[in-house]
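Q: The following block contains the structure, expressed as structure tokens.
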Amino acid sequence: MSQIGWVDFSPKDRGLVKTALAMLNEPGTLDELGIGQIRDGFSDLLFPGMSTIQTRAKYFITVPRILRDYQLLNSAGKRRPDAFKFLSDSENEVAKALVNFHDENEGGIIGRTRVNSGGVSRRPSAIYWNGLRTLGLVKTSLSLADFCRHLDGSTRYNTDEAAMLDEGGDDTTKEINLVELANDDPDWMSEEVLNIALTHKEATLLHSCFIESPVIANSVPAQLLKHGLLLDLLDNDCKLVGNNKQVESFDLLVESLCAGEKVDTPCKSTIKLAQEFSLAMEGAHIRYNIVLAEKHEYRDSVERYKLRYQEWFKKIQGLELFQSDCEEAWLEEVSSAGRAINEKPRTFIKNWCSLMRNNNATDQELDECVKEQAIKNKGGRSLLKKGLIKDQWMGMDRLDYRWSTAKGILHDIQEGLNAKT
């Protein structure tokens, strides 16, 4: 059995590794066919600043508040501790306050199970850092670790980097400008005040961040918030609403956005291409599961996956999904956003699409295609070389590109906008 080990030199290193491992444990992320680069590229275009391990919108507020508190220690003439330790300790306090305020039915509280046994393992600051930079709530291009070193003065930067970091007059003003968040409640972390729900003011701030940033103007959250489409899409359980039925389908999101007259064309184009890629790769992953089940002689699983493939194949009939050069459009869209795509997944996607365009391609040829790619992608670590639990789905299912996360964040914002205070 394979194991992963690492040598860490600080709590910062440890936190980064834990976050990476946590992401690997998320359901639906097992990338046996090596298409993760394309999936992540579309995800960055559609839902920038979001990740599958984010939970609630409140953490876009609490982390900057902690950083602001740290900065204000200096303005108060106090000796400041190590910035990373201050952040870590404060995140533990936030977790304790939220757990004490809410009952067990409240979801998305990071560190609930660890708060009294060693502290939060997945730090909100690490999970939300890219999002905080994307939304401009923390104005820096630095990593979290480097940013903390900058705050406590343990790192020197060249002239250009220092100019980017320090935007203001005196030292205090320069530091405070790094965090775009008002410090209007010094007791915000107390158990009597702290709540996982957003206040109206907090929700208004996040709403503004999404719709006013030109960098993410064509993203799904920006378009939904800008054009007031959330109320038509989300019910109280974060589920999409359409035709008087509650659904959670990424396909319905695509349908709703593409039908919206006010939605910008670039957003419509990107999400349509992402939907096509998701549907195309669903077929490849079904065939991969058939190969795995056949290898391990799980006959009932083989039959079930074959039936699922027939349903998928019937679904794509008449959609012109695999039209000429469709794969080039998908790959070019991701590449245009600055995502480098390795040659192996490029070749596999082209081969898969070519076979699907060939009406005479056999199931055996399709299976050989996915089998060859799995071996190239994983080598000796491929599940084709290991044991398999019966009836266990392997590989990616339909891709929703972080929509399952985004809708929860957006629901929190909408709830806050609806709040009176």
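Q: Can you pick out the pairs among Lys85/Lys378; Lys85/Lys386; Lys139/Lys407; Lys139/Lys378; Lys268/Lys344 whose Cα atoms lie more than 31 Å from each other?
A: Lys85/Lys378; Lys85/Lys386; Lys139/Lys378
Q: I would also like to ask the following. Classify segment 321-393: rounded, prolate or oblate, from the alpha-carbon gyration tensor (a ≥ b ≥ c, eigenvalue square roots; a/c under 1.5 rounded; otherwise prolate if a/b is larger than b/c)? Numbers along the way, then the final one.
A: Numbers: a/c = 2.41, a/b = 1.33, b/c = 1.81.
The shape class here is oblate.
Q: With 10 angstrom as the radius, rank Leu307, Leu399 by how many other C-beta atoms surround their C-beta, starting from the fewest. Mind showing how you got there, number by number?
A: On the way: Leu307 11, Leu399 22.
Arranged by neighbour count, lowest to highest, Leu307, Leu399 become Leu307, Leu399.
Q: With a Förster radius of 22 Å, plug the Cβ-Cβ distance of Ala259 and Leu319 into 1/(1 + (r/R0)^6) and report the FRET value to the nearest 0.05. Write out the running numbers ahead of the final one.
A: Values: r = 17 Å, r/R0 = 0.78.
So the FRET efficiency works out to roughly 0.80.
Q: Could you sort out which of Lys315/Lys371; Lys306/Lys371; Lys315/Lys385; Lys226/Lys262; Lys272/Lys315 sit more than 21 Å apart by Cα distance in this structure?
A: Working: Lys315/Lys371 24 Å; Lys306/Lys371 16 Å; Lys315/Lys385 32 Å; Lys226/Lys262 9 Å; Lys272/Lys315 16 Å.
Pairs exceeding the cut-off: Lys315/Lys371; Lys315/Lys385.
Q: Here is a follow-up. Sorting check: for 48-59, 343-354, which peptide has the highest mean count of neighbouring beta carbons within 10 Å, and how do the rest follow?
A: Values: 48-59: 22.1, 343-354: 17.7.
Highest mean packing first, the order is 48-59, 343-354.
Q: Peptides 317-327, 128-138: what's the order by average Cβ count within 10 Å, highest mean first? Before the final figure, lay out the partial values.
A: Working: 317-327: 13.1, 128-138: 21.8.
Per-residue mean Cβ counts within 10 Å order the peptides as 128-138, 317-327.
Q: Something else: Ranking request for peptides 101-109, 282-290: highest mean number of other beta-carbon atoms within 10 Å first, then the rest in descending order.
A: Working: 101-109: 13.1, 282-290: 22.7.
Order by mean packing, descending: 282-290, 101-109.
No lab work stands behind these numbers, since they all come straight from the coordinates. No experiment lies behind these values; they were computed from the predicted model shown. A quick note on method: Cβ atoms are made from the backbone with ideal geometry, for glycine too, and the neighbour counts reach across all protein chains shown.
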